[in-house]
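Note sheet for the following structure.
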Amino acid sequence: MTVFSKVLYGSLHVKAYDWVEPAVLSKNKDERLAKFAVDKVLTAPCGTSVLYPNAGGNLHCFTALTPCAVLDILTPTYNEQAGRKCTYYHDYPDSTLSASGAEVKDGGTDEYAWLSEIETPEDLYMRPGQYTGPAIRE
């Protein structure tokens, strides 16, 4: 899945990760290791962010700093049967990386975090819509 994100108004903090490959699981196998890809504040007007399936921070968290709105275009759309489930995670700073026995090849341990899957947050609000404009060609 590729995600195009545009802040329409306001400011938000973006924290995003990519999975470490091959997969590194915690000792209890409840968390998976991810590497920071993005940690910044976006304030409208600003450019469009693009998150690719395996790079650029497709595992991302938006935190509103002011009232704001974000337009996300996902392609292809979520579809659990096709393996594109909308999943939520809690991140844990990686103070335990060396204790896990995992080897870090790039950067230090402060560039990594453990991600643990959680239920959909109760306060999450998304308004889905279907694009009905003209065909988009490459």
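The values are calculated or read from the model by the stated rules, or taken from the named source; none is laboratory data. Predicted model, so just to flag it, every value in this text is computed and none were measured. A quick note on method: Cβ atoms are made from the backbone with ideal geometry, for glycine too, and the neighbour counts reach across all protein chains shown. Surface areas here come from the heavy atoms of the whole protein model, side chains and all, with no ligands, DNA or RNA. Shrake-Rupley method; radii C 1.70, N 1.55, O 1.52, S 1.80 Å.
Structure notes:
- Around Leu65: net Lys/Arg minus Asp/Glu count, Cβ-Cβ under 15 Å: +1
- Between His13 and Ser116, residue separation times 0.36 nm minus the direct Cα-Cα distance comes to 35.0 nm.
- Where only DSSP H runs of four or more residues are counted, the chain gives -500 deg cm²/dmol as its mean residue ellipticity at 222 nm, each run worth -39500 (n - 2.57).
- For the stretch 1-99, the list of chymotrypsin sites (Phe, Trp or Tyr not before Pro) that fall in a loop by DSSP and count at most 15 other C-beta atoms within 10 angstrom reads Tyr78.
- Under Karplus coefficients 6.51, -1.76 and 1.60, residue-wise ³J(HN,Hα) of the stretch 20-29 in Hz, glycine/proline x: 6, 10, x, 4, 10, 9, 5, 4, 8, 6
- In the chain, lysine pairs closer than 19 Å at Cα, eight or more apart or cross-chain: 6
- Percent accessible area from carbon and sulfur atoms, the stretch 1-75, protein chains only, probe 1.4 Å: 59
- At a probe radius of 1.4 angstrom, the accessible area of the chain per residue rounds to 72 square angstrom.
- Distance between the pseudo-spin-label points of Ala69 and Thr87 (7 Å out from Cα toward the beta carbon): 3.1 nm.
- Each peptide in 66-77, 122-133 gets a packing score, the mean of other Cβ atoms within 10 Å over its residues, and the list from highest to lowest is 66-77, 122-133.
- Backbone HN-Hα couplings from phi across the stretch 80-89 [Karplus 6.51/-1.76/1.60, Hz, Gly and Pro as x]: 4, 5, 9, x, 10, 7, 7, 10, 10, 9
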